[in-house]
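Written below as structure tokens is the structure these notes are about.
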Amino acid sequence: MAKFTTLTSRMMPMAVDNIDTDQIIPARFLKTISKEGLDKQLFNDWRYDAEGKPKADFILNAPEWQGVAILLAGDNFGCGSSREHAPWALTQWGFRAIISTSFADIFKSNALKNGLVPVVVSREVHAKLFALVEKDPQAQVTIELASQTLSLPDGTKVEFPVDGFSKHCLLEGVDELGYILHQMAAIEAYEAKKDVELNTLQPS
Amino acid sequence: MSTPRTIIEKLWDSHVVAEREGAPSLIYIDLHLVHEVTSPQAFAGLRARGLKVRRPQNTFATTDHSTPTTPRALPIVDPIAKAQVEQLETNCKEFGIPYFGFQNPKQGIVHVIGPENGLTQPGMTVVCGDSHTATHGAFGALAFGIGTSEVEMVLATQCLLQRKSRTYEVRVDGTLKPGVTAKDIILALIARIGVGGGTGCVFEYRGSAISALTMEERMTVCNMSIEGGARAGLIAPDDATYQFLAGKAFVPKGAGWDAAVARWKTLPTDDGATYDHTISIDANTLEPMITFGTNPGMGIPVSGVVPDPASISDPLERDSLTKALKYMDLQPGKPLAGQPINVVFVGSCTNSRMSDLRAAAGVLKGRKVNPKVRMMVVPGSMEIKRQAEAEGLDKVFREAGADWREAGCSMCIAMNGDQLQPGEYSVSTSNRNFEGRQGKGGRTFLASPLTAAASAVTGVVTDIRALKS
Ligand code: SF4
């Protein structure tokens, strides 16, 4: 997993609540057996018209928004299906952080495993950020993971929550599987103790 | 005396493998269900690290999402879907995982075949790379969806890193009125708490109306826990659970069965246990429900009217509703009943079991699907298909003019070619009405099999209680 320390970027505004993973990447693009090339289908149905041409009025297609690494989205981002293709597509496009008032559980967990930081802010800060982008689309904010702060151009700093473990993994670029593999002794002990319960699956 | 615990806490406590300061708990997984869409990258990860599957005997795979629902003798036409289905078979063979493949007579939707074969048992932790894993909670299991990185972790270690969820009691007491079903209970709950209402929580459904449900109906309720934002939803096991499971293929037999039942009987929530959240629903007042918008929380009684964005004060919420109504091309303040539709879909892990098919067939018997409507009926498993055919339900559907298909996810997710055309309206018994979920530009009204079948007959959204005989 790529390390995440600090990120300074403009914010691409997407003022829609409950952006579900079917919007982030529609199911028909999940037939792939690899992780590659999903950025092409990011927000596919909002992004392309019936002929497959990019829609000029969708923000992801606007030349001035290319290269932006922070998505500023509405409430409850990432609800719906558990597809990890959603954070894969978002990170491949170039996003490294998403700011919202809340995230769906599975999406949040998937995002953190892929170096994509979900930044939860209060309703007030959320509204302030949308107002800021509307007034000045060039405005940049800085996300510093170690101190868990989001810094606004006016100097305001707001803290955001990240659990200590995910933070450690992101800062160091380590993944959870490696961490679990180090606990094999505990897993074996558990299996020995629960032998009966673990063997109730008996094909007849 | 020990502190009274909820079933959710008991399940959690008995699966903690290790706890370390500052890290999530290491949790053991008893049953890992695998399907073709969210697993290929996980198997690729195992290969890259040179890892094996730790417990193939606690792992089970099937193919459902991108799988065609056309007769099994026909080849899979879409080359990308074909490659994905075949990759699953290759992976299962290479890693020694039991599976019901495309041609297997027991193939079906992962959340249907688990219970059907007794793979899902009370007291288990069950995971699958699919958010509707909560379905298995109907058996008193802690069952939740995971992402592909986690699929890889469970394959390799049989464990996951998890944080304890908060507990959320959903009490449903009273008696459902005729025409009101399990689907209406869950749609009503989500309409009340919203799609983020249960975030961070596990639901426990309880109360007299829940106890009265059959196992199939309990699965319908638990299935859509995720639509209320909860990671999982469950119902404590009782005699109905044991009766359903007795004799199923994978459950223990003889003395092993008795011992298992004795263990399962210790699972229900202790008297005096408390929850972090509680909501109470009066079953007597519930109506058949339907969604009008683009998330499952946008639901109303089928006799109700489409809400008006002007009546909402929160600006983002108002914009979302406006956007949803624009996508659905619906007028605020107007009744939804009477809205013309193009397609009816009966299927998905929410409503594709025998009782769902019987309910839909009961409405269609002696009636015809409206000529303007295309109706698809997709059984949840090949086993259900056979059973329905033995009962003659396929005949009822065919004679009414509906399309009777092979098992799979089908138009629930529209990955396999079964889909809506842009602008089309459907009444669907599935669980998601997101923009484009059932095909690009398609518009979905979620409802029960009764409402779906009644609407198929009339060609417009219909309250089953108003259907003329
Ligand atoms: S039927 Fe629909 S919700 Fe259920 S597993 Fe298949 S795609 Fe997911």
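Numerical summary
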read-out	value
Efficiency of FRET between A:ASP49 and B:LYS248 - r from beta-carbon atoms, R0 60 angstrom, step 0.05	0.75
Compactness index (Cα Rg / 2.2 N^0.38 Å), chain A	1.18
Distance violations [Cα-Cα > 30 Å] among A:LYS3/A:LYS55; B:LYS365/B:LYS440; B:LYS52/B:LYS106	A:LYS3/A:LYS55; B:LYS365/B:LYS440
Percent carbon-and-sulfur accessible area, the protein assembly as shown, ignoring ligands, DNA and RNA, probe 1.4 Å	53 percent
Mean ellipticity per residue at 222 nm, deg cm²/dmol - from DSSP H runs of n ≥ 4 across the protein assembly as shown, formula -39500 (n - 2.57)	-9000 deg cm²/dmol
Alpha-carbon centroid distance for the pair region A:173-187 / region B:248-278, whole angstrom	30 Å
Cα-centre dipole for chain A with unit charges at Cβ (Lys and Arg positive, Asp and Glu negative), debye to 20	300 debye
For region A:1-62, alpha-carbon Rg relative to the globular expectation (2.2 N^0.38 Å, N residues)	1.31
Charge dipole magnitude, Cβ of K and R +1, D and E -1 - the protein assembly as shown, Cα centre, debye nearest 20	1140 debye
At 1.306 mPa s and 10 °C, Stokes D of chain B from Kirkwood alpha-carbon radius, µm² per second	71 µm²/s
Inter-site label distance for B:ARG20 and A:ALA139 at 7 Å from Cα along Cβ, in nm	4.1 nm
Rounded to 5, percent antiparallel among DSSP beta bridges of the protein assembly as shown	30 percent
Span from the region B:340-419 Cα centroid across to the region B:84-160 one, whole angstrom	24 Å
Low-density loop positions, trypsin sites (Lys or Arg not before Pro), region B:6-49 - DSSP coil, at most 14 other Cβ in 10 Å	B:ARG20
Relative contact order %, chain A, counting alpha carbon pairs below 8 Å whose residues are six or more apart	25 percent
Rounded to 5, the percent of DSSP beta bridges in region B:273-422 classed as antiparallel	40 percent
Computed accessible area, B:TRP12, all protein chains, 1.4 angstrom probe, square angstrom	30 Å²
Accessible surface buried once A binds B (1.4 Å probe; total of both sides; Å²)	5800 Å²
Exposure of B:PHE95 as accessible area (Å², to 10), given a probe of 1.4 Å and all protein chains	30 Å²
Sites B:LYS372 and B:SER311 - FRET efficiency at Förster radius 41 Å, r taken between beta-carbons, to 0.05	0.80
Rounded, prolate or oblate (a/c below 1.5 giving rounded, otherwise prolate when a/b exceeds b/c) for the protein assembly as shown by Cα gyration tensor	rounded
Sequence-distant lysines (8 or more away, or on other chains) whose Cα lies within less than 26 Å of B:LYS164	A:LYS108, A:LYS113, A:LYS167, A:LYS193, A:LYS194, B:LYS10, B:LYS265
Label-to-label distance, nm, for residues given as B:ARG49 and B:THR3 (7 Å Cα→Cβ offset)	3.4 nm
Partner chain coverage, peptide B:38-46 - average Cβ within 10 angstrom	3
Chain B - share of DSSP beta bridges that are antiparallel (%, nearest 5)	25 percent
Share of Cα-Cα pairs in region B:1-132 lying beyond 17 Å, as whole percent	65 percent
Rg to Rh, two decimals, where region B:1-73 supplies the alpha carbon set and Rh follows Kirkwood	1.13
Average other protein chain Cβ within 10 Å of Cβ, residues B:434-442	5
Length-normalised contact order for chain B - Cα pairs under 8 Å, 6+ apart - percent	17 percent
Per residue, in Å², the accessible surface of region A:133-204 once ligands and nucleic acids are set aside, probe 1.4 Å	53 Å²
Accessible-area value, A:VAL16, 1.4 Å probe, nucleic acids and ligands omitted, Å²	30 Å²
Sequence ranges A:169-175, A:189-195, B:402-408, ranked by mean other-Cβ count within 10 angstrom, highest first	B:402-408, A:169-175, A:189-195
Accessible area per residue, Å², region B:124-218 with all protein chains present, probe 1.4 Å	22 Å²
Assigned charges on the beta-carbon of Lys, Arg, Asp, Glu; region B:374-469 dipole about Cα centre (debye)	220 debye
Extension gain from B:LYS164 to B:ARG358, taking 0.36 nm per residue of separation minus the Cα-Cα distance	65.9 nm
Residue order for A:ASP57, A:ASP163 - accessible surface, 1.4 angstrom probe, largest first	A:ASP57, A:ASP163
Heavy-atom accessible area order for B:ASP271, B:ASP329, B:ASP130, largest first, 1.4 Å probe	B:ASP271, B:ASP329, B:ASP130
Surface accessible to a 1.4 Å probe, per residue, for the residues of region A:1-112, Å²	33 Å²
Reference-scaled alpha-carbon Rg (2.2 N^0.38 Å with N residues) for region B:412-469	1.15
Solvent exposure ordering (accessible area, 1.4 Å, most first) of A:PHE130, A:PHE107	A:PHE130, A:PHE107
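The values are calculated or read from the model by the stated rules, or taken from the named source; none is laboratory data. Every value quoted in this text rests on a predicted model; they were computed, and no experiment measured them. Note that each Cβ is placed from the backbone with ideal geometry, even for glycine, and that neighbours are counted across all protein chains shown. Side chains are part of the model used for accessible areas, which takes the heavy atoms of the whole protein and leaves out ligands, DNA and RNA. Shrake-Rupley method; radii C 1.70, N 1.55, O 1.52, S 1.80 Å.
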